[in-house]
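Trainee: Here it is: the structure, laid out below.
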Amino acid sequence: MPLLSICMPSNRDLAGSRGAIESALAYAQGTGARLIISDNSADPLKRAFLEGLSSPSLTHISSTASDAMGNWMSTLSRVDTPFVLPMGDDDELHLVDGAVPIDLAGLPADVAGVRPLTEIWTAQDGVHHSEAFTIDAPSPSGRLAEYSAKAQGNNSIYYSIYRTSLFLPLISFFNAAHPTHGGYCDWAMCLSLFTAGRMLHDPSMLYRYDMGRWAEARQLDTMKKSLFLQAGLPEAAENFSALLMFLDLHIFSLRPSLPLDAQQRREVLMMNARVTLAGFLRQVREQPEIFDETVVYLCQLIEQEQDLDQIVSLCILLTDCIRPGLKDGYVRFFQAALKA
């Protein structure tokens, strides 16, 4: 029985995804893992290619999902292993020669997952840099602070191995209840997973993350804005990214299924406010001209408020300044978390 499922929701055509598929399948065959691909590209060449692979390590789903989230859930629906690795269909996964793989079956209970050696890469310039940092703090709130200090604007650690018992409930809740399903939410997802346990490093696993257009400085702002536009939010929503991350992580952290005791949960919620929300409030103070008067006023109220529940209520109210009606979606999201 495999321990790991590599999950690849794929929408690119065969030319755009073949390298990712072949590398992931070779890794699965070399380690005894399973590769699950849900393909909604409708590319007949790709379908024929996948069907022709006929490997016992490969599960291929010809998906009819109309969006990325539906295709992602199609992939996860076939997971029956204790560990899962999300993978992009333009990335690559390789075994490092001579390196000793980590024993997933023997991981301590306080470990949420295992990160690979991550190469940040583009086709034009090759490897920009590599990352292998771990998340080691013993407390959930300490791990939030540690990741905030180490990530430095790059969330490529998302593509790591996680315990299925942590990852699947989070993604399922996100799919069922989140008001936007935005691609920008991966930061809050990672932080939520790190509250549940430490992240170790497997030196035998190399994950090559293709930055693509994200690597070009002149396109970086456009790419960031596109994440919010694709989620049905206005372009200016990028100015509220820290607020949205604060709310998402706060709500993710309320779920009873998250293995935190009452004191740990409280510390996580307070650390999130001190790190994430504080960044948004500072931005409003320093750049009030990019926000309307209502945003500035509500942020002043938040800074004067001491009760965290009231602070969260004001932050949810603020989301209507991003898009009218978003507040109602966040109220439902908050209520759903208490039952998840």
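Trainee: Listed residues Ala109, Ala151, Ala176; which is over 22 Å from Cys7 (Cβ atoms) and surrounded by fewer than 17 Cβ atoms within 10 Å (Cβ to Cβ)?
Mentor: Just a single option satisfies the conditions, and that option is Ala109.
Trainee: For the stretch 226-237, name all the residues that are more than 21 Å from Phe334 (Cβ to Cβ) and either within 17 Å of the chain's Cα centre (by Cα) or not in a helix (DSSP H, G or I) (or both).
Mentor: Within the stretch 226-237, Ser226, Leu227, Gln230, Pro234 qualify.
Trainee: List, please: which pairs have Cβ atoms under 8 Å, are six or more places apart or on different chains, and start with a residue in the stretch 178-194 that is within 23 Å of Ser139 (Cα to Cα) and end with one that is buried (at least 22 other Cβ atoms within 10 Å of the Cβ) and small (Gly, Ala, Ser)?
Mentor: Ser192/Ser253; Leu193/Ala112; Leu193/Gly113; Phe194/Ala112
Table: residues versus (1) modelled with pLDDT of 95 or more; (2) surrounded by fewer than 21 Cβ atoms within 10 Å (Cβ to Cβ); (3) out of contact with any Cys (no Cβ under 7 Å at 6 or more places or on another chain); (4) part of a helix (DSSP H, G or I).
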residue	(1), (2), (3), (4)
Asp186	no, yes, yes, yes
Leu191	yes, no, yes, yes
Arg208	no, no, yes, no
Met223	no, yes, yes, yes
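Trainee: Condition test on Gln306, is it over 16 Å from His250 (Cβ atoms), open to solvent by 20 Å² or more (accessible area, probe 1.4 Å) and not in a helix (DSSP H, G or I)?
Mentor: So Gln306 passes the test.
Trainee: Which residue out of Ser257, Ser313 is hydroxyl-bearing (Ser, Thr, Tyr), open to solvent by 10 Å² or more (accessible area, probe 1.4 Å) and either at positive phi or not in a helix (DSSP H, G or I) (or both)?
Mentor: Of the residues listed, the single one that is hydroxyl-bearing (Ser, Thr, Tyr), open to solvent by 10 Å² or more (accessible area, probe 1.4 Å) and either at positive phi or not in a helix (DSSP H, G or I) (or both) is Ser257.
Trainee: Any residue at all in the stretch 50-66 that's within 22 Å of the chain's Cα centre (by Cα), modelled with pLDDT under 95, surrounded by fewer than 17 Cβ atoms within 10 Å (Cβ to Cβ) and not aliphatic (A, V, I, L, M)?
Mentor: So far as the stretch 50-66 goes, yes, one or more of its residues are within 22 Å of the chain's Cα centre (by Cα), modelled with pLDDT under 95, surrounded by fewer than 17 Cβ atoms within 10 Å (Cβ to Cβ) and not aliphatic (A, V, I, L, M).
Trainee: Still on this structure, I have one more. Hey, can you tell me all the residues within the stretch 22-49 that are within 29 Å of Ala99 (Cα to Cα), assigned to a strand (DSSP E or B) and open to solvent by less than 30 Å² (accessible area, probe 1.4 Å)?
Mentor: Those that are within 29 Å of Ala99 (Cα to Cα), assigned to a strand (DSSP E or B) and open to solvent by less than 30 Å² (accessible area, probe 1.4 Å): Leu35, Ile36, Ile37.
Trainee: Further question: Going through the stretch 156-169 one residue at a time, which ones are touching a strand residue (DSSP E or B) at 6+ places or on another chain (Cβ under 9 Å) and either free of Cβ contacts under 8 Å to residues at least 24 places away in the same chain or not polar (S, T, N, Q) (or both)?
Mentor: Ile157, Tyr158, Tyr159, Ile161, Tyr162, Arg163, Leu166, Phe167, Leu168, listed by residue number.
Trainee: With the condition being touching a Gly at 6+ places or on another chain (Cβ under 8 Å), in contact (Cβ under 8 Å) with a residue 60 or more places away in the chain and of a type outside the set (A, V, I, L, M, F, W, C), I'd like the strands (runs of 3 or more DSSP E) fully within the stretch 53-148 carrying at least 2 qualifying residues.
Mentor: It comes to 111-122.
The values are calculated or read from the model by the stated rules, or taken from the named source; none is laboratory data. Keep in mind that this is a model prediction, so the values were computed, not measured. Because the Cβ atoms are built from the backbone with ideal geometry, glycine has one as well, and the counts that use them run over all protein chains shown. In case anyone asks, the SASA skips ligands and DNA or RNA and just uses the protein heavy atoms, side chains included. Shrake-Rupley method; radii C 1.70, N 1.55, O 1.52, S 1.80 Å.
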